[in-house]
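Take a look at the structure set out below.
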Amino acid sequence: MSVTPITPMSSSARDAKDRFPSMPRSVLLRFIHRGVLVPEVLITHRRLIPEGPHHQLLKDAGFSIRAVPDDVDAMQADVLIDLLGDAEAVIAGTEPFNRIVIETPNKLRVVARCGVGFDTVDVDACDEKNIVVTTTLGTNHHSVAEHALAMMLAVYRGFPGRDLLVRNRRAWNKNVLPRFAGSTVGIVGLGRIGQSLAMRLPSLQAKILAFEPYPNEEFVKQYDIELTSLEDLLSRSDAVSLHSPVFPETVGMINRETLALMKSTAILVNTSRGALVVEEDLVETLKNGTIAAAGLDVFENEPINDDHPFLDMENVLLSPHAAGADNVSHHDSCVMVGETISELYRGGWPAECIMNMKGVSGWGWNRG
């Protein structure tokens with residue numbers, strides 16, 4: 001990005017004040033001191049490219065905004081490297097900010113994930129380059145919980161198969177399916193999203209099992225949740241919903257061996273991360289009847305390939321990693337990501353949003 005250096009006595013400084021009338025004086029003086037007119041934020045998250053509250057927040061803080069062009073695939077690391085340019089902050093979706101991308105010479109100070117997961121960001125590499133990694137924690141748990149429940153109910157009642165039966169003008173097979181009321185639902189991971197799902201289940205008369213290494217005992221008691229092992233949960237549940245974060249110990253936790261523990265009538269719902277499930281094993285178990293069906297919002301590789309087996313399976317309900325995107329969560333995420341980047345630039349430290357606080361201790365926007 002071409003910028004015009006400005007000094008306290010230059011006409012460019014007065015021009016900058018005219019161009020950014022709402023910019024705080026302290027921020028404008030920082031531009032003057034640094035000799036840089038406008039730092040740049042790159043938006044790679046597709047849903048945040050259109051105008052929203054984050055745009056105005058960032059502009060008021062003194063940033064220019066550049067978005068990934070519609071015809072560019074930012075899911076490829078080499079493309080992402082070329083896109084970075086002079087960007088000092090990036091608003092990211094699930095693009096691969098891996099070690100190769102982070103270590104390429106760039107000006108990044110912040111990788112701001114619009115979402116709660118950050119498994120596509122190499123935090124260790126960011127630590128080494130003193131780059132802050134942030135998320136919008138606490139903005140989308142209700143949306144994801146609703147999506148998980150909607151998938152659960154839909155799959156339990158035979159969708160998408162029943163929909164396809166009618167659309168494809170086949171003979172109407174009114175096979176009898178189990179009732180959801182009175183079923184046992186297993187929640188794997190009882191954080192914000194898992195808890196939000198649990199809060200919705202009593203009205204449907206479901207019994208709740210949960211696997212959670214660090215449970216909120218008060219919440220567990222309030223909603224009459226039975227804590228148990230993963231193996232016991234899988235063997236007893238009629239529906240299993242995954243809400244664990246991705247850690248080395250959770251990658252591939254749902255595989256051929258653990259799927260074999262489930263009832264043949266059980267369903268699996270995943271609105272967390274594709275890395276939790278070994279997809280090849282899930283395809284096999286769905287085809288051979290080890291479990292009945294699945295609802296999937298996330299996948300090992302996104303977007304999935306055109307020849308993926310899931311696309312031809314009537315006992316699999318699919319959505320495009322959209323569970324966290326209702327209108328309220330989208331707005332709240334936009335506001336939080338804009339405020340977080342702006343606060344960091346002004347010298348603040350929004351600790352609740354920062355995922356690598358220890359790794360970047362002593363961080364400052366102008367300190368490499």
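The values are calculated or read from the model by the stated rules, or taken from the named source; none is laboratory data. The model shown is predicted, which means the values in this text are computed figures rather than measured ones. Using ideal geometry, Cβ is built from the backbone for each residue, glycine included, and neighbour counts are taken over all protein chains shown.
Could you go through the stretch 62-76 and let me know if any residue there is aromatic (F, W, Y) and under 21 Å from E51 (Cβ atoms). Yes.
Counting only strands (runs of 3 or more DSSP E) that fall entirely inside the stretch 207-299 and contain at least 3 residues that are closer than 28 Å to P309 by Cβ, the qualifying elements are 239-242, 267-270, 293-296. In the set (1) modelled with pLDDT of 95 or more; (2) of a type in the set (D, E); (3) out of contact with any strand residue (DSSP E or B) (no Cβ under 8 Å at 6 or more places or on another chain); (4) over 17 Å from G324 (Cα atoms), D163 fails one condition alone, (1).
Applying the condition of being modelled with pLDDT of 95 or more and of a type outside the set (K, R) to the stretch 46-59 and asking which residue is nearest to M336 (Cα to Cα) yields H54.
Within the stretch 113-135, if we keep just the residues that are of a type in the set (S, T, N, Q) and crowded, with 23+ Cβ neighbours inside 10 Å, the residue that is nearest to A198 (Cα to Cα) turns out to be T135. Hey, among V220, V246, V188, V240, which residue is surrounded by fewer than 18 Cβ atoms within 10 Å (Cβ to Cβ) and in the same structural domain as V277 (by TED's automatic domain parsing)? Criteria check complete, one pass: V246.
Criterion first (closer than 30 Å to V337 by Cα and either over 25 Å from the mean Cα position of the chain (by Cα) or surrounded by fewer than 17 Cβ atoms within 10 Å (Cβ to Cβ) (or both)) does P213 satisfy it? Yes: the conditions hold for P213. A Cβ distance below 6 Å, combined with a sequence gap of six or more or placement on separate chains, defines the contacts here; from the stretch 54-74, residues that are closer than 16 Å to W365 by Cβ reach residues that are hydrophobic (A, V, I, L, M, F, W, C) and part of a helix (DSSP H, G or I) in the pairs G62/V27. Can you tell me which residue within the stretch 322-358, out of those that are closer than 23 Å to V144 by Cα and in contact with a strand residue (DSSP E or B) (Cβ under 6 Å, 6 or more places away or on another chain), is surrounded by the most Cβ atoms within 10 Å (Cβ to Cβ)? Only one residue fits best here, namely V337. Only one entry in R109, R14 is more than 20 Å from W349 (Cα to Cα) and either modelled with pLDDT of 95 or more or surrounded by fewer than 19 Cβ atoms within 10 Å (Cβ to Cβ) (or both), namely R14. Residues that are in contact (Cβ under 8 Å) with a residue 24 or more places away in the chain, over 23 Å from F63 (Cβ atoms) and of a type in the set (S, T, N, Q): does the stretch 128-141 have at least one? Yes.
With respect to (1) under 19 Å from P50 (Cβ atoms); (2) touching a strand residue (DSSP E or B) at 6+ places or on another chain (Cβ under 8 Å); (3) surrounded by fewer than 16 Cβ atoms within 10 Å (Cβ to Cβ), the lone exception for S319 is condition (1). Does V155 meet the test of being crowded, with 17+ Cβ neighbours inside 10 Å and either out of contact with any Leu (no Cβ under 6 Å at 6 or more places or on another chain) or not acidic (D, E) (or both)? Taking the combined requirement at face value, the residue satisfies it.
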